[in-house]
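Notes follow the structure.
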Amino acid sequence: MIDRNAQYLGVSTLELMENAGKAVAEIARSELKAAGKRVLVVCGPGNNGGDGLVAARHLASEARVTVLLARSPDQFSSEEARKNFERLRDVQVLVGLERSEEAIPQADLVIDALLGIGAEGSLREPFATLVRQMNQSGKPILSVDVPSGLGTDLAVRPTVTVALHDVKEGMTPENSGRIRVLDIGIPAKAVSTIGPGEFFLYPIPKSTSHKGQNGRVLVIAGGPYTGAPALVGFGALGVGADLIHIATPALAAPVVAGYSPSLIVHPLVGHRLLREDTRLILELAARADVVAIGPGLGDAEGTLEAVKDVICNLTLPLVIDADAIKAVGSDPKALAGKKAVITPHSREFKTLTGKTLADTPEERASAVRDAAKSLGVTILLKGPVDIVSDGDRVKYNYTGNPGMTVGGTGDVLCGIVAGLISKGMGPLDASRLAAFINGRAGDLAFAVKSYGLTAVDVADNLGRVLAEFL
C-alpha cells in the first residue's frame with residue numbers, strides 16, 4: 001500500500017524494489033551467514049517475489065544461489081519483478097512444484113519471497129504446498145516483509161523476517177521470528193498521504209455474490225433540499241454499493257425518486273424529518289448495513305431533535321453530515337458507543353467542537369485528531385487538504401480542486417463513505433479511500449468542465465476512478 005503511494009509521489013517501484021532486495025541480502029549475510037552457503041530464494045509472481053529476485057542478484061557473487069519460481073516467468077503479475085528476473089546472472093532458476101521438493105531440502109538457507117501482505121482465507125496452489133515444504137524442511141528461513149501466508153490458516157514460520165519500512169499488522173516474534181525493520185527509501189509523505197495504495201483496502205466482490213451482499217445503504221436526507229438525497233445515493237452507487245434506500249420527507253420523495261430508478265425512495269410522514277418518523281426509519285435500517293444522515297434535512301424546529309432520536313436508536317455504523325452535525329454538536333452524548341464517521345467542513349467543525357480551525361494542515365490535523373479522540377468517532381474534515389483521523393492515526397488527502405466548492409460535492413462524499421462502509425470497510429479506511437476517490441473524480445470532472453463542473457459530474461466520474469486504480 002505505502003509503496004504504491006510512494007510511486008504516486010514520484011518514487012519508482014523499481015527503486016523501492018532494489019532497496020528492499022539489498023536490505024534482504026544484507027540481513028541474509030549478517031544474521032544468517034549466507035556467504036558460501038547454498039541459498040534458495042522462493043519467489044512469487046508479484047512485488048514480493050521481485051524483492052527476492054533482487055536479493056538473489058546481490059547474493060550471487062558470494063553464495064551458491066538458486067531461484068525457485070512458484071510460477072513460470074511469463075506469469076509475473078509485476079512488471080518490476082519481470083525486469084529484475086531479466087537482470088539475473090549466474091543464478092540457477094527452477095520452476096514449480098516438480099522442482100521444489102528436491103530443491104528446498106538441499107538448501108542451507110531459504111529466502112521466502114513468495115507472498116506479501118494481504119493474503120486471507122486459504123492459500124491456493126502452488127503457494128500452499130511451497131509454504132508446507134519450507135516449514136517442513138527444518139532450514140533457516142528469511143521472510144521478505146511478512147511471512148508468506150500471514151493472515152491465513154497456513155503461513156511460513158521464519159527464523160527472521162525483514163520488515164520493509166515498518167512492522168506490518170499482525171506480525172509478532174511468535175509468527176515472524178526475529179523481526180528486523182529496514183528503511184527502503186519510502187518518503188515520510190507517502191506514509192501520511194492518502195493515495196492509490198488505499199485501493200488495496202477496497203472489498204472486491206466475490207464472483208458468487210448476489211444482490212445486496214455488496215452493500216445496502218440507508219440515506220436519511222432531504223426535505224427543504226431535494227437534490228441532496230440523490231447525490232448521497234449516487235455517491236454510494238458510484239463506489240459499488242448494491243442497494244440504496246432513501247428515507248426522505250413526503251414533499252421531497254417524488255422529486256428524489258425522479259432522479260434515478262436506482263434509488264429506492266421511502267416517503268416519510270411530513271414535509272420535514274420529525275420524531276414520528278423514527279419507527280419507519282428503524283424498520284428500514286433493519287435491511288441496511290450503514291446509515292447516512294443529514295444532507296438536505298434543514299434545521300427547522302423539531303428536525304434536529306428527530307436526528308438525535310434516530311441516531312440514539314440506531315446500532316448500525318453511521319455517516320453524519322451537514323445538518324445532522326448540528327444535532328450531535330449540540331448533544332455529543334448521542335454519539336456514545338456509536339461507530340460513526342462525521343464529515344464536516346471548517347464551519348461545521350466549529351459547530352461540532354466549538355473550535356475555530358487554524359490555516360495550516362498540520363495545525364488542523366492536531367485539532368481533528370483531538371476531536372475524533374474526544375468524541376470516539378472518525379472525522380473526515382473537508383477542505384483544500386482533507387484530513388482524516390480516528391483519534392489516533394492522521395491521514396492527508398491532496399486530490400480535489402477549487403471547482404469542487406460547488407454545492408453537492410460534500411453530499412457525494414457522504415455517499416461514498418457510506419457505500420464503502422456498507423461493503424465492509426471500517427470507518428477510518430472508508431473515510432480515507434472516500435476522500436481520495438471523491439477528489440480524484442472531481443479532478444477528472446475538472447479536466448473536462450473546468451470551473452463549470454457540478455456535483456453530478458463528480459458522481460459520474462466515480463466509476464472511472466475505480467477503473468483507474470483497482
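What are the ³J(HN,Hα) values, in whole Hz, obtained from phi via the Karplus relation 6.51 cos²θ - 1.76 cosθ + 1.60 with θ = phi - 60°, for each residue of segment 40-56 in sequence order, with x given for Gly and Pro?
Residue by residue, segment 40-56 yields 10, 9, 8, 10, x, x, x, 5, 4, x, x, 4, x, 5, 5, 4, 4 Hz.
Using mean Cβ contacts within 10 Å as the protection proxy, how do 447-454, 341-348, 325-332 order, highest first? Let's see the in-between values first.
On the way: 447-454: 13.4, 341-348: 22.2, 325-332: 19.1.
In decreasing order of mean packing, 447-454, 341-348, 325-332 become 341-348, 325-332, 447-454.
Counting only Cα atoms, I'd like the Rg/Rh figure for segment 8-91, Kirkwood definition for Rh.
Numbers: Rg = 12.4 Å, Rh = 12.7 Å.
Expressed as Rg/Rh, it is 0.97.
Quickly work out the residue 61-to-residue 213 label distance, labels modelled 7 Å from Cα along the C-beta direction, and quote it in nm with one decimal.
Between residue 213 and residue 61, the label points sit 5.4 nm apart.
Convert 10 °C to kelvin, take the viscosity as 1.306 mPa s, use the Kirkwood radius over C-alpha pairs of segment 312-372 as Rh, and evaluate the Stokes-Einstein diffusion coefficient in µm²/s, rounded to a whole number. Mind dumping the intermediate values first?
Details: Rh = 12.1 Å.
Rounded, D is 131 µm²/s.
Starting from the Cα-Cα distance between residue 152 and residue 125, subtract it from 0.36 nm times their residue separation and give me the gain in nm to one decimal. Mind showing how you got there, number by number?
Values: separation 27, 0.36 × 27 = 9.72 nm, distance 1.36 nm.
Once the chain is fully extended between residue 152 and residue 125, it gains 8.4 nm.
I'd like the per residue volume of the convex hull spanned by the Cα atoms of segment 184-342, given in cubic angstrom. If you can, show how the numbers build up before the last one.
On the way: hull volume 22.5 nm³, N = 159.
Expressed per residue, the convex hull around the Cα atoms of segment 184-342 is 142 Å³.
Using the Cα atoms of segment 329-470, I'd like the radius of gyration and the largest Cα-Cα distance, Dmax, both in angstrom.
Taking only Cα atoms of segment 329-470, I get Rg and Dmax of 14.8, 45 Å.
Calculate, for residue 98 and residue 392, the FRET efficiency according to 1/(1 + (r/R0)^6) with r their C-beta to C-beta distance and R0 45 Å; round to the nearest 0.05. List each step's numbers first, then the result.
On the way: r = 48 Å, r/R0 = 1.08.
Taking R0 as 45 Å, the efficiency between residue 98 and residue 392 is 0.40.
Could you tell me the center-to-center distance, by alpha carbons, between segment 143-189 and segment 425-463 in angstrom?
34 Å
Which entries of 206/339; 211/395; 211/449; 339/382 show an alpha-carbon separation above 30 angstrom in the structure shown? Before the final figure, lay out each step's value.
Values: 206/339 26 Å; 211/395 33 Å; 211/449 34 Å; 339/382 20 Å.
Exceeds cut-off: 211/395; 211/449.
Taking only the C-alpha atoms, wrap a convex hull around the chain and report its volume per residue in Å³ as a whole number.
147 Å³
Please report the projected area of segment 245-329's Cα convex hull averaged over all directions, in nm².
Numbers: hull surface 20.5 nm².
Result: 5.1 nm².
Could you give the alpha-carbon Rg of segment 143-267 over 2.2 N^0.38 Å, rounded to two decimals?
Relative to the 2.2 N^0.38 Å estimate, segment 143-267 comes out at 1.65.
For the peptides 69-78, 420-429, what is the packing order when you average, over each peptide's residues, the other Cβ atoms within 10 Å and list the highest mean first?
Working: 69-78: 16.1, 420-429: 23.5.
In descending order of packing, they fall as 420-429, 69-78.
Spin-label point model (7 Å from Cα, Cβ direction): what's the residue 255 to residue 451 distance in nm?
2.8 nm
Quick check on segment 60-198: what does the Kirkwood estimate of hydrodynamic radius come out to from the alpha carbon pairs, in Å? Please list the in-between numbers first.
Values: mean 1/r = 0.0617 Å⁻¹.
So the Kirkwood estimate lands at 16.2 Å.
When the Debye formula is applied to the Cα atoms of segment 408-470, each taken as the same point scatterer, what base-10 log of I(q)/I(0) results at q = 0.13, 0.29 Å⁻¹?
Evaluating at q = 0.13, 0.29 Å⁻¹ gives log10 I(q)/I(0) of -0.31, -1.24.
Over the chain, what is the percentage of antiparallel beta bridges among all DSSP beta bridges, to the nearest 5?
Antiparallel bridges make up about 10 percent of those DSSP assigns within the chain.
Can you find, among 254, 217, 270, the residue sitting farthest towards the positive end of the charge dipole of the chain, where Lys and Arg contribute +1 and Asp and Glu -1 at Cβ?
My answer, from the dipole projection, is 217.
Would you mind computing Rg(Cα) / (2.2 N^0.38 Å) for segment 29-137, counting N as its residues? Intermediate values should be presented prior to the final figure.
Values: Rg = 12.9 Å, N = 109, 2.2 N^0.38 = 13.1 Å.
Relative to the rule-of-thumb radius for its length, segment 29-137 sits at 0.99.
Taking the Cα centre of segment 38-93 as origin and charging only Cβ (+1 Lys, Arg; -1 Asp, Glu), how large is the dipole, in debye to the nearest 20?
Working: 8 positive and 7 negative charges, 32 e Å.
Once rounded to the nearest 20, the dipole reads 160 debye.
Roughly to the nearest percent, how much of the accessible area of the chain is carbon and sulfur, given a 1.4 Å probe? Please report the intermediate quantities before stating the final value.
Working: 9770 of 19530 Å².
It is 50 percent, rounded to a whole number.
So if R0 is 41 Å, what FRET efficiency would residue 14 and residue 331 give, r being the distance between their Cβ atoms, rounded to the nearest 0.05? If you can, show how the numbers build up before the last one.
On the way: r = 54 Å, r/R0 = 1.31.
In this case the efficiency is close to 0.15.
Send over a whole-number figure in Å² for the accessible area per residue of the chain, probe 1.4 Å. Show your work: numbers first, answer last.
Details: 19530 Å² over 470 residues.
Result: 42 Å² of accessible area for each residue.
The values are calculated or read from the model by the stated rules, or taken from the named source; none is laboratory data. Keep in mind it's a predicted model, so treat the numbers as computed, not measured. Virtual Cβ from ideal backbone geometry, glycine too; neighbours counted across all protein chains shown. In case anyone asks, the SASA skips ligands and DNA or RNA and just uses the protein heavy atoms, side chains included. Shrake-Rupley method; radii C 1.70, N 1.55, O 1.52, S 1.80 Å.
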